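Notes for the one structure printed next.
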Amino acid sequence: MTTSKDEELLGLLRLNAREPVASLARKLGLSRTTVQDRLKRLEESGTISGYSVKLAGSAPQAGISALISLGA
């Protein structure tokens, strides 16, 4: 079961999953330890199943990209 503070925390993580815990705590008005405990509980419950990197639009999404020039 998630609380309103958990929902706020999840919203902040959606914007930046790499934001430091201290910064999240300030934004939520909670102690750093409380935020760490909430993160651990959300991870253990499966609400947070992992963290990922979102690539910029110009970065290749998958595989290998190559430019080829053929001439005769």
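The values are calculated or read from the model by the stated rules, or taken from the named source; none is laboratory data. Computed from a predicted model, the values in this text were never measured in an experiment. Don't worry about glycine lacking a Cβ; one is built from the backbone with ideal geometry, like all the others, and counts go over all protein chains shown.
Here is how the numbers come out for the structure above:
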quantity: Subset of region 31-46 (residues that are more than 17 Å from VAL21 (Cβ to Cβ) and either surrounded by 10 or more Cβ atoms within 10 Å (Cβ to Cβ) or modelled with pLDDT under 90 (or both)); calculated: SER45
quantity: Any chance ARG14 is at pLDDT below 95, in a helix (DSSP H, G or I) and more than 13 Å from THR2 (Cα to Cα); calculated: yes
